[in-house]
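Written out below as structure tokens is the structure these notes cover.
The values are calculated or read from the model by the stated rules, or taken from the named source; none is laboratory data. Bear in mind the structure is a predicted one, so any value in this text is a computation, not a measurement. Cβ placement follows ideal geometry from the backbone for every residue including glycine, while neighbour counts extend to all protein chains displayed. In case anyone asks, the SASA skips ligands and DNA or RNA and just uses the protein heavy atoms, side chains included. Shrake-Rupley method; radii C 1.70, N 1.55, O 1.52, S 1.80 Å.
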Amino acid sequence: MLSRDIYEIFTSFQGEGSLVGRRQIFVRFSGCPLNCFYCDTVDARIKNHSLPDTNPEKVISEIKALVTPDLHSVSFTGGEPLVSPNLLKKLASSCKKLDLACYLETAGIDASIFTEVVDFFDYAAIDLKLPNHRAVLGINAWKKLYHEELECIRIANRSGLHTIVKIVIVDDTTHHMLASICRDIAEYEIDLVLQPLTGSRKPSIELLFGLSEVAGSYLGKKVMVIPQVHRLYRDGTEKEFR
Ligand SMILES: Nc1nc2[nH]cc(C(=O)O)c2c(=O)[nH]1
Ligand code: SF4
Ligand SMILES: [Mg+2]
């Protein structure tokens, strides 16, 4: 079977969220239906840019070749892995058989697909998109996406996954918006990571203090503020293991 669902496979350290610094093998899927203005994987959003031949057996042998003694888990990332449910299931189940822990990085676009794959995973890092991310057009589309994301968080929790919820914080993120989301997720056992954007739309430290306190009033010590750190690992050099 010829599959064009994978953009790249490489080894690095987890660069986001509460498991930052853990050594991982990254399997980056291509394709994503969203359009966040800050997207840092624009090339992977387009299916045509995938690796030419990534049948599951070949992907698994590449994963095996990248296993190191410090390995924490295999991260299935994107793009959006949930747009390729069959390949995702096949790869994650093969990793489980090899005793490799599986970590899913997703925007939680589809809760029924998430349900199909959840049992193969140990960790789920679920992005909650805010209206100011412009992931989708219009408030109704955002509400629909938000509903799916919340369902994914609920299912991950119920299934016993270590669940990380990430929210990208921009310079115009409001206390009110964050509070209404934190109210909805307060009941779950999660790490809530507020991820400040870097660059021209970077939030001020004062805004971060305020937002962290708002989130803390619902989630207490589950709240952390961690920027993306994976850019710092490479110092501008290309990936060695494409
Ligand atoms: N979450 C996350 N962690 C990462 N660590 C290294 C990355 C990379 O693209 O090099 C990466 C990435 O793209 N995403
Ligand atoms: S969900 Fe991720 S891959 Fe998709 S547009 Fe947003 S940042 Fe980019
Ligand atoms: Mg990413």
Can you list residues whose amide H is under 5 Å from F29's amide H, if they're 5+ apart or on another chain and H is modeled 1.01 Å from N? Y7, T77, G78
What does the accessible area of D40 come to, in Å² to the nearest 10, when a probe of 1.4 Å is used? 80 Å²
Quick one: longest stretch of the chain between exposed loop chymotrypsin sites (Phe, Trp or Tyr not before Pro), exposed meaning at most 15 other C-beta atoms within 10 Å and loop per DSSP? 39-240
Grab the DSSP H runs of the chain that are 4 residues or longer, score each as -39,500 (n - 2.57), total them, divide by all residues and round the 222 nm result to the nearest 500 deg cm²/dmol. -10500 deg cm²/dmol
Distance (nanometres) between label positions extended 7 Å along Cα→Cβ at I139 and K97: 5.0 nm
Expressed to one decimal in nm², the mean projection of the alpha carbon convex hull of the range 119-184 is 4.7 nm²
In debye, nearest 20, what is the charge dipole magnitude of the range 6-234 about its Cα centre with +1 on Lys and Arg Cβ and -1 on Asp and Glu Cβ, if you could check? 200 debye
R0 of 25 Å, Cβ-Cβ distance L71-F37: FRET efficiency to nearest 0.05: 0.15
Filter on K47/K143; K89/K221; K96/K221; K89/K166; K97/K143; K47/K222 - keep pairs with C-alpha separation over 29 Å: K89/K221; K96/K221; K97/K143; K47/K222
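Using the scaling law 2.2 N^0.38 Å as the reference, what is the normalised Cα Rg of the chain? Display every interim value, and only then the final one.
On the way: Rg = 17.3 Å, N = 242, 2.2 N^0.38 = 17.7 Å.
Ratio of Cα Rg to 2.2 N^0.38 Å: 0.97.
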Pick from I181, I205, I190 the residue whose mean-square fluctuation is largest in a GNM of the chain, springs joining Cα atoms under 10 Å. I205
Amide hydrogen neighbours beyond the local backbone of D127, cut-off 5 Å, H modeled: T106, A107, G108, K166
Using a 10 angstrom Cβ neighbour count of at most 14 plus a DSSP loop assignment to flag exposed GluC sites (Glu not before Pro), which longest range of the chain is free of such sites? 1-186
